[in-house]
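Down below is the structure, laid out as structure tokens.
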Amino acid sequence: MKLLYHLGRYFMMIAVILKKPEKASIYRKQIVVEMDNLGLESLGIVVIISVFMGAVLTIQTAFNTDHPLLPMYAIGFATRQAIILEFAPTMISLILAGKVGSRIASEIGTMRVTEQIDALEIMGINAAGYLILPKVVAAVIINPFLVVLSMFVGILGGYVVSSITGVVPLSHYVYGILFEFSPFDIIYALIKTVAFAFIITTVSGYFGFFTRGGALEVGQSSTKAVVFSSIYIILFNLILTQILLA
């Protein structure tokens with residue numbers, strides 16, 4: 001029953017935040033601010049994780065496919081497919097769920113316990129829409145760019161580690177990267193990324209918006225936001241994979 005209660009309240013909140021904004025210009029400015037806060041500030045961690053992710057994938061694939069009948073370019077092919085289809089959209093979204101999700105929940109939760117949200121509602125402002133909608137739009141716009149960057153940097157990381165360690169000849173690695181490339185793989189990854197961005201921002205916004213108590217409860221809401229966002233990302237990763245690739 002508690003699950004149904006939270007699901008019902010979550011979808012009611014979604015309906016509220018999707019209402020027509022009172023003043024669109026304010027929302028546009030806030031979206032730009034949130035794109036910087038939620039997206040651009042995450043560039044560093046995305047690049048670092050992606051470089052090492054691509055490097056490790058290349059090394060592990062090389063050492064686990066050491067068979068005379070298996071062509072060397074299969075290492076580059078396997079690295080490309082793993083990064084584009086799964087590691088970039090899903091792993092980066094899980095990282096962002098921890099970094100961005102906790103920030104959203106703690107920010108909105110603090111506003112709730114300090115009665116700033118109550119003040120907005122008294123003034124007749126759609127508090128849920130004003131606080132959460134710009135974050136949702138910003139994440140949906142900027143997260144695909146972060147994931148595309150992660151794909152590029154991850155494949156580059158594999159290229160660099162191949163040149164340094166010699167686990168696979170560079171010509172074979174590059175050939176594997178280009179071998180039977182399908183643009184739909186990128187589209188599939190971006191569809192997942194948009195869905196994950198929506199999940200991260202709305203779930204985190206939900207736990208922050210309905211925080212009750214004080215500083216301790218804000219911390220608990222932040223933790224719940226990260227945990228449930230990660231669970232839903234994994235769940236919808238399975239659902240979307242079945243729908244799009246079946």
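Starting from segment 113-138, keep only residues that are farther than 18 Å from Phe207 by Cα and modelled with pLDDT of 90 or more, then list their pairs with residues that are in a helix (DSSP H, G or I) and among the acidic types (Asp, Glu) whose Cβ atoms are within a distance under 6 Å, requiring at least 6 positions of separation or different chains.
Here the result reads Ala138/Glu34, each pair linking segment 113-138 to a residue that is in a helix (DSSP H, G or I) and among the acidic types (Asp, Glu).
Considering only segment 160-177, state which residues are without any contact (Cβ under 8 Å) to a residue 40 or more places away in the chain and in contact with a helix residue (DSSP H, G or I) (Cβ under 8 Å, 6 or more places away or on another chain).
Taking segment 160-177 as the starting set, the residues that turn out to be without any contact (Cβ under 8 Å) to a residue 40 or more places away in the chain are 163-164, 166, 170-171.
Answer for segment 160-177, where residues must be without any contact (Cβ under 8 Å) to a residue 40 or more places away in the chain and in contact with a helix residue (DSSP H, G or I) (Cβ under 8 Å, 6 or more places away or on another chain): Ser163, Leu170.
Quick check: anything in segment 143-157 buried (at least 22 other Cβ atoms within 10 Å of the Cβ) and closer than 27 Å to Pro21 by Cα?
Yes.
Any residue that is assigned to a helix (DSSP H, G or I), under 19 Å from Ile141 (Cβ atoms), modelled with pLDDT of 85 or more and in contact with a Pro (Cβ under 7 Å, 6 or more places away or on another chain) - is there at least one of those in segment 11-33?
Checked segment 11-33: at least one residue is assigned to a helix (DSSP H, G or I), under 19 Å from Ile141 (Cβ atoms), modelled with pLDDT of 85 or more and in contact with a Pro (Cβ under 7 Å, 6 or more places away or on another chain).
Looking only at segment 89-102, decide whether some residue is touching a Gly at 6+ places or on another chain (Cβ under 7 Å), in a helix (DSSP H, G or I), of a type in the set (Ser, Thr, Tyr) and in contact (Cβ under 8 Å) with a residue 12 or more places away in the chain. Steps first, please.
As a first pass, look at segment 89-102 and keep what is touching a Gly at 6+ places or on another chain (Cβ under 7 Å): none.
No: zero hits.
Consider segment 180-210. How many of its residues are surrounded by fewer than 15 Cβ atoms within 10 Å (Cβ to Cβ) and in a loop (DSSP other than H, G, I, E, B)?
3
All but one of (1) part of a helix (DSSP H, G or I); (2) more than 27 Å from the chain's Cα centre (by Cα) hold for Val168, so report the exception by its number.
Failed condition: (1).
State which residue is surrounded by the fewest Cβ atoms within 10 Å (Cβ to Cβ) when the search covers only segment 74-108 and only residues that are more than 15 Å from the chain's Cα centre (by Cα) and hydroxyl-bearing (Ser, Thr, Tyr).
Quick first cut of segment 74-108, residues more than 15 Å from the chain's Cα centre (by Cα) only: 74-82, 105-108.
Subsequent filtering for residues that are hydroxyl-bearing (Ser, Thr, Tyr) retains 79, 106.
Working: Thr79: 32, Ser106: 21.
Among them, the one singled out is Ser106.
The values are calculated or read from the model by the stated rules, or taken from the named source; none is laboratory data. These numbers come from a predicted model, not from an experiment. Glycine gets a Cβ as well: all are built from the backbone with ideal geometry, and neighbour counts include every protein chain shown.
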